[in-house]
Amino acid sequence: MFPEVKFIFYPLTQAIGYLVFFVSIRAHLKSGGRHNKLAALLTLVYLFCNGVMAKILHFAFRVDDPFPLVSFLNPLFYFKPGFWGWLLAFLPLSVLFPFVVKVNRLLYFRALALTLPLIIALQKVSCFISGCCAGAPTDLPWALVFPRRESSEFYDVPVHPTQIYDMLLALSWLLILKVVDKKEPLRPFLFPFFLLLYGVSRFSTEVLRPAFQDGLSDSQKLEAVAIVMVLLLLAFGRKLWIRLLGVGGSPTT
């Protein structure tokens, strides 16, 4: 049995995530100049996507309730449950960011790849302590029983603690990316490697969620598309990616 925890702990752990995001991006961009300003600006993008856009996407794709347009003007609205899909908004904006703002692109995408696993791991801690995003029922010995939640299909029965699975996987990505980062020829591809690791991991753990019971979930379909796109990039688009980063030389030497 998992004790009921007030939802206020979710925004508190999210706030820690914003701080970690800023500190990590700033540290990785430090050698590129203007690191404070760039880190603050990107943190605001993350805040917007993780707060406002995740609320919008939740109501657009996860619930059938009328869209509460006026509620979005109320700051207290963001302290209530109901967030989903922040990466759908953040990833496109974060990819465009270095092309709009003057920044070393190789340094930037390295910073992003080494920061996001930490942030995703923290977000899964948020989900765990608030009891949301749990998996389907199971009789495995490490199953947990969560109290009833607005976003939970199953409660008061043993379920997969998929939040913990996702958190551990995210930390494993960081270890893998740290190893890849030490190999200079592979360093430009850290961000595509991150996307590949994220897509494969989430596609796998989605099997253990209730949404998978009726076939591939919407998340898995998106992740499958992302996996295919990254594989195509790594197979055929490495030179194009290198040019986009503004890095000289061959990607294979």
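The values are calculated or read from the model by the stated rules, or taken from the named source; none is laboratory data. The structure displayed is predicted, hence computed values, not measured ones. Note: ideal-geometry Cβ built from the backbone for every residue, glycine included; neighbour counts use all protein chains shown. Note: areas computed on protein heavy atoms with side chains; ligands, DNA, RNA excluded. Shrake-Rupley method; radii C 1.70, N 1.55, O 1.52, S 1.80 Å.
Please report the carbon-and-sulfur percent of the accessible area for the chain; probe 1.4 Å, protein heavy atoms only, DNA, RNA and ligands left out. Reported share for carbon and sulfur atoms: 69 percent.
An ellipsoid equivalent to the chain, defined through the eigenvalues of its Cα gyration tensor, has semi-axes of 32, 22, 17 Å when rounded to whole angstrom and sorted largest first. The mean accessible area for residues of the chain, using a 1.4 Å probe and ignoring ligands and nucleic acids, is 53 Å² per residue.
Largest mean-square fluctuation among P185, P147, P98, in a Gaussian network model of the chain whose springs join Cα atoms under 10 Å apart, belongs to P185. Applying 1/(1 + (r/R0)^6) with r as the Cβ-Cβ distance of V70 and L186 and R0 = 45 angstrom yields a FRET efficiency of 0.35. For the chain, the relative contact order comes to 19 percent (Cα pairs under 8 Å, sequence separation of at least 6).
What is the sum of charges around L106, taking Lys and Arg as +1, Asp and Glu as -1, for the other residues whose C-beta is under 12 Å from the C-beta of L106?
+2
Under the simplified labelling scheme, the K239-F48 pair shows an inter-label distance of 3.6 nm, with each label point 7 Å from Cα along Cα→Cβ. For L144, nonlocal amide neighbours, meaning residues 5 or more places apart or on other chains whose placed amide H falls under 5 Å from its own, are V159. Within the shell of other residues whose beta carbon sits under 10 angstrom from the beta carbon of F83, the net charge comes to +3, with Lys and Arg scored +1 and Asp and Glu -1. Helices assigned as whole DSSP H runs in the chain whose Cα atoms extend at least 15 Å along their own long axis and whose mean Kyte-Doolittle hydropathy is 1.6 or higher are found at 86-100, 218-236.
Each Cα pair under 8 Å and six or more residues apart adds its separation to the average, and for the stretch 19-150 the resulting relative contact order is 28 percent.
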